[in-house]
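Okay, structure first, notes after.
The values are calculated or read from the model by the stated rules, or taken from the named source; none is laboratory data. Predicted model, so just to flag it, every value in this text is computed and none were measured. Quick reminder, even Gly has a Cβ in these numbers, built from the backbone with ideal geometry, and neighbours come from all protein chains shown.
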Amino acid sequence: MPSVRFTRNIQRHVECPTLDVPGATLGEVLDAYFATNERARGYVLEDDGKLRKHMAVFIDGEQIGDRETLSDPVPDGAVIDVVQSLSGG
Amino acid sequence: MARCHVSTRKGLFTLERGAAGWDIARASFVGDNVTLTMHDPRSRDLIAALNHGHFGVKLHRSRDGGTTWNEIAAPKYPEKPEGYTPKMPVEGVPVVDWSLKLVWALEPGGADQPGVIWCGTLPGGLFKSADGGDSWSLNRELWDDPRREQWFGGGADQPGIHSICVDPLDSQHVKVGVSCGGVWTTRDGGTQWSLTAKGMRAAFMPPEKQYEENVQDPHMVVQCRSNPDVLWVQHHNGIFKSIDGAATWTELTGISPSAFGFAVAVDPNDADSAWFVPGISDEKRCPVDGRVVVNRTRDGGKTFETITRGLPQKHAYDLVFRHALDVGRAGRTLIFGSTTGSLWVSEDAGDSWNALSSNLPPVYAVRFEQS
């Protein structure tokens, strides 16, 4: 199963431990993660499900291509990093 | 004890009136961007709106006067209908993303509606909670009005609801102020809405559109508690007043040093008395000649006096945002805060002012606890 890790910055607001969750696309994986941690969803995604403007997601170190529908494929056993973009200096 | 909540770019500061005067009694959310704080006189709850930027807009509630806080649900926009394409607004870009950008107004419902809270947001949604903020629903009637798609951003990229006036005599009668989209009124708690900005003038539009109601930019709308038919507006290009419950508006002119600004407060007990903190103009958002002043009328806007006592009169460039001036229930105590972190209090209805701080973060909102 893919593993999801979160930036340290988010932990101050909502605890987001690293978890292994199922899914073949980024959207499926994050849905599975947020099913266990609903409050975290709104910290990462907009109301309409897009990735927040100043968040970034990497799958095995590669930046994702689809920030809107989160359709990037996720290989079994991949590591997904959810981080905040460096913005604002 | 009298209390006042000051929401700033770097935290929430609670002021208390002790024997020696007003002072900062508590700092909460230090380091976080607190855009607005509401005190609910029915439950005594506090609700603070935080904008974390990266992580979005959140609401926190305290049920012990601000000692402890818990995150509660934030308003959430519904899914867009399949294939929906927004119309172009009068200016700017359409609201493509149905997603919360900012909580810009929080107002308790009427005394007969415990638990009801209204919430105005960017990009233009009005939300209501019936359970003290545990859950929120978008007012679809206003959101689905085709004229809502015509709204456009003033200072922000997207339009927003910044003022909510719940009639103290009839809690089904609610008015909202929109930048930019005029003033809207419901008489039935939000099922039917009418656009009520007749008489407002938008100097920023071409001549033939200047009196269109849906393009107006009221920066702040306030309603007199003891005479709710009287409303005052600090508008983008002037000061307007209504004495007929927003059916018609009259522009007040000849105001020195300027009629530009964001904040306005009206005396809860005297509809003829109102306070403003002027800036130069929309192109130059700072005090005229570097002097911070308060403009006060006590005769319904026929005349204004410019008050300087206790305020800096040399090289002061403080701007006062729309929610950053408030008046207490008795109409004697006023507090306002500025973009450069100054905070002033008056306990004589604005005759004179004392600086409470010159070192706060940029102040977004000042709200007294009203009983």
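Taking the numbered list (1) at pLDDT 95 or above; (2) assigned to a loop (DSSP other than H, G, I, E, B); (3) acidic (Asp, Glu) in turn, B:GLU283 passes all entries but (1). Could you please find all residues in region B:312-371 being at pLDDT 95 or above and among the hydroxyl-bearing types (Ser, Thr, Tyr)? Matches in region B:312-371: B:TYR317, B:THR333, B:SER338, B:THR339, B:THR340, B:SER342, B:SER346, B:SER352, B:SER357, B:SER358, B:TYR364. Among the candidates B:LYS76, B:LYS80, B:LYS87, the residue that is out of contact with any Leu (no Cβ under 9 Å at 6 or more places or on another chain) and more than 24 Å from B:VAL183 (Cβ to Cβ) is uniquely B:LYS80. Of the residues contained in region B:79-91, none is found to be at pLDDT 95 or above, closer than 20 Å to B:GLY160 by Cβ and not in a strand (DSSP E or B).
For region B:127-138, the count of residues that are in contact with a Lys or Arg (Cβ under 6 Å, 6 or more places away or on another chain), buried (at least 22 other Cβ atoms within 10 Å of the Cβ) and either part of a loop (DSSP other than H, G, I, E, B) or not hydroxyl-bearing (Ser, Thr, Tyr) (or both) is at least one.
Filtered by the rule that a residue be over 21 Å from the mean Cα position of the chain (by Cα) and either buried (at least 22 other Cβ atoms within 10 Å of the Cβ) or among the charged types (D, E, K, R) (or both), region B:195-232 gives B:GLU208, B:LYS209, B:GLU212. In region B:65-78, the residue that is farthest from the other protein chains (Cβ to nearest Cβ) out of those that are in a loop (DSSP other than H, G, I, E, B) and over 30 Å from B:ASN214 (Cβ atoms) is B:GLY65. For B:ARG3, the stated conditions hold: it is touching a residue at least 40 places away in the same chain (Cβ under 8 Å), charged (D, E, K, R) and either away from chain A (no Cβ under 11 Å) or farther than 30 Å from B:PHE204 by Cα (or both). Looking only at residues of region B:62-90 that are without any contact (Cβ under 8 Å) to a residue 24 or more places away in the chain and of a type in the set (Lys, Arg), we find that the one that is farthest from B:TRP151 (Cα to Cα) is B:ARG63. With the structure loaded, tell me whether A:THR18 is under 26 Å from B:LYS76 (Cβ atoms) and out of contact with any helix residue (DSSP H, G or I) (no Cβ under 9 Å at 6 or more places or on another chain) or whether it fails that test. So A:THR18 does not fit the description; no. With a requirement of 3 or more residues that are within 18 Å of the chain's Cα centre (by Cα), the strands (runs of 3 or more DSSP E) lying completely within region B:299-371 that satisfy it span B:325-327, B:334-337, B:363-368. What tally of residues in region B:159-194 results from selecting those that are under 19 Å from the mean Cα position of the chain (by Cα), assigned to a loop (DSSP other than H, G, I, E, B) and surrounded by fewer than 22 Cβ atoms within 10 Å (Cβ to Cβ)? Summing the residues that are under 19 Å from the mean Cα position of the chain (by Cα), assigned to a loop (DSSP other than H, G, I, E, B) and surrounded by fewer than 22 Cβ atoms within 10 Å (Cβ to Cβ) in region B:159-194 gives 4. Report yes if some residue within region A:2-13 is buried (at least 16 other Cβ atoms within 10 Å of the Cβ) and among the basic types (Lys, Arg); otherwise report no. No, that holds for no residue. Can you find even one residue in region B:42-55 that is at pLDDT below 95, surrounded by fewer than 18 Cβ atoms within 10 Å (Cβ to Cβ) and not in a loop (DSSP other than H, G, I, E, B)? Yes, some residue in region B:42-55 is at pLDDT below 95, surrounded by fewer than 18 Cβ atoms within 10 Å (Cβ to Cβ) and not in a loop (DSSP other than H, G, I, E, B). Within region B:95-112, the residues that satisfy the criterion of being away from every other protein chain (no Cβ under 14 Å), buried (at least 16 other Cβ atoms within 10 Å of the Cβ) and part of a loop (DSSP other than H, G, I, E, B) are B:GLY109, B:GLY110.
Taking the conditions exactly as written (surrounded by fewer than 18 Cβ atoms within 10 Å (Cβ to Cβ), of a type in the set (Gly, Ala, Ser) and within 14 Å of chain A (Cβ to nearest Cβ)), does B:GLY21 satisfy them or not? In short, no. Could you check region B:151-168 and list, in sequence order, the residues that are at pLDDT below 95 and polar (S, T, N, Q)? Result: B:GLN158, single match.
With a requirement of 3 or more residues that are within 14 Å of another protein chain (Cβ to nearest Cβ), modelled with pLDDT under 95 and under 9 Å from the mean Cα position of the chain (by Cα), none of the helices (runs of 4 or more DSSP H) lying completely within region A:4-86 satisfies it. Flag: B:THR303 matches the condition of being surrounded by fewer than 15 Cβ atoms within 10 Å (Cβ to Cβ), farther than 24 Å from B:GLY66 by Cα, touching a strand residue (DSSP E or B) at 6+ places or on another chain (Cβ under 7 Å) and at pLDDT 95 or above. Among the candidates B:LYS128, B:LYS58, B:LYS101, which residue alone is closer than 30 Å to B:LEU15 by Cβ, charged (D, E, K, R) and without any contact (Cβ under 8 Å) to a residue 40 or more places away in the chain? B:LYS58 is the lone residue from the list that is closer than 30 Å to B:LEU15 by Cβ, charged (D, E, K, R) and without any contact (Cβ under 8 Å) to a residue 40 or more places away in the chain.
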